[in-house]
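Data block below; observations after.
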Amino acid sequence: MDSYWAGLAEFLTSALAGAGVSLAPRSVAEAIPALTPFEEWDRLQLINRVVVHKGLVGEIPTGLLEGLFGTAQPSFANEVFVVYEITPTKNVHVRAAEVALAEEAGGGGMRATSSQPFSQALLRKPAATPYASCRRRVVAALQAPTLLNNWARSKKWDLQVAEIAYHEGLSEASLLSAPKWDGVSSDIMAVLVTTPAQLESAASVFPSAKRIWIAHNGQGHLIPRPLLDQIDGIVTLSRKVLDLQRTQIPELLGKPAWIIPPSYVPTHEFGWSPNAAWSMKSRPRTRDKYELAFFAQCQERASKLGIQIKLFGQDAPGGFLDESTRAALYEICSCYVSALPPWAGFGLAEHECMAAGVPVVGLYWGDVREMYGQKYPALVDDLDSLAEVIEKLCDDREFARRVSEAGHDYIETCFSPTAMDQAIVQFVEEINGS
């Protein structure tokens, strides 16, 4: 437990809480006893304290802090956490406003009346938002679980995951934490798919929903031309992927398209060790031959310098990385070797490593060069230079630290939760308006 978490734990141990529950993100509640995860909060329960993790604000229920009407006073703060104490208000004007809003937002047994005494702040159904009048339910066919987990944190849509055309044996499925589809298909505005089988299932299971294809790669995985008439639009994670898909398939210029990159909050999980380069590629046999050849060339050049790049992933020599194993690897590695060719897409593993502080070395892929606006010190333009940077990261701890900081800066500059939310709002509004 680092100093920020230790400081929070010490405060919570020493500062007595009032009556009611103390709410926190799930990961915090699991680490510190007596805290209740936000998603397990019964909205009729009295709240005495709210713990906010600055990197997990997306877990805070919509309207919770806004509904505390100034009764939430900060009692503790550090670089990671803020703790709010909830003090019931006795101001008659605030109580009158609470009653009015309770009448507007409440319902059934949760409705407040002017004759009811208020011993706590109003904690009822959130007030209406500009998006409440439109459909926001989206189903994603199971694929890229870490991406879906990331997208599902946004409150600008209600994203659920369905195992349609799902093949058992996919180790990554164990990483999924996004909500599962509840089985109701009547009010689904869009279905996100990424394979022909998923598209076929989506048409059957969600006949009234828009069918949106997620294009992960710019060239190796083109949208099959025979399916173009069956999709209503495409989503990519980067501009380069969209441009390369359109270059190969000009007909896509007639389809609506959205770029929805995930968002990240930088953390400090990297702990440097010498000569410990690694990469990740699950199910290598299913990969495009160009991708495999590119990685083989990376390995060959690094090997000539005495460095062995260990490959992880399902069916790879290092084996599948679950969350705890990957976190442990972050702490004892030198760098992550990006085996993405220049025409590749977003690079989920690459961005996850950068957000964790792990130095990423590779060729320029996706939108890194265009979005960042400055040179990232470990991305290069040829394979020989790539091998040299791998060697330097495996030998020079100070250089690795500078690359780690550059990765954090890139993530903070280009992939904020606000930017992701804005992209999702545009998607929802345009789907509803179509």
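Which log10 I(q)/I(0) values, to two decimals, does the stretch 277-414 give at q = 0.11 Å⁻¹ under the Debye formula with one point per Cα?
Each listed q maps to, in turn, -0.35.
Normalised by the empirical 2.2 N^0.38 Å for globular proteins, what value does the Cα Rg of the stretch 141-253 take?
So the Cα radius of gyration is 1.06 times the expected 2.2 N^0.38 Å.
What distance in nm lies between label points placed 7 Å from Cα along the C-beta direction at GLU370 and VAL57?
That separation, rounded to one decimal, is 2.8 nm.
Please list the three semi-axes, largest first and in whole Å, of the ellipsoid equivalent to the stretch 355-434, using sqrt of 5 times the eigenvalues of its alpha carbon gyration tensor. Each step should come with its number before you reach the end.
Numbers: eigenvalues 215, 40, 15 Å².
Output for the stretch 355-434: semi-axes of 33, 14, 9 Å.
Multiplying the sequence separation of GLU323 and THR13 by 0.36 nm and subtracting their Cα-Cα distance, what value in nm do you get?
Numbers: separation 310, 0.36 × 310 = 111.60 nm, distance 2.86 nm.
Value of the extension gain: 108.7 nm.
So between SER385 and HIS268, what do we pick up on full extension, going 0.36 nm a residue minus the alpha carbon distance?
Numbers: separation 117, 0.36 × 117 = 42.12 nm, distance 2.73 nm.
Between SER385 and HIS268, full extension yields 39.4 nm more.
Using a cut-off of 24 Å between alpha-carbon atoms, which lysines can reach LYS304, once sequence neighbours fewer than 8 places away in the same chain are excluded?
Straight-distance partners of LYS304: LYS281, LYS289, LYS392.
Suppose R0 equals 25 Å; then what is the FRET efficiency for ARG26 and ARG283 from their Cβ-Cβ distance, rounded to the nearest 0.05?
Calculated value: 0.25.
Taking the Cα-to-Cβ direction at ALA34 and at ALA197 and moving 7 Å from each Cα, how far apart do the two end points lie in nm?
In this crude label model, ALA34 to ALA197 measures out at 5.1 nm.
Ranked from highest to lowest mean number of other Cβ atoms within 10 Å per residue, what is the order of the peptides 149-158, 52-61?
149-158, 52-61
FYI, it's all coordinate maths here, none of it is from the lab. Everything numeric in this text was worked out from a predicted model, so none of it was measured. A quick note on method: Cβ atoms are made from the backbone with ideal geometry, for glycine too, and the neighbour counts reach across all protein chains shown.
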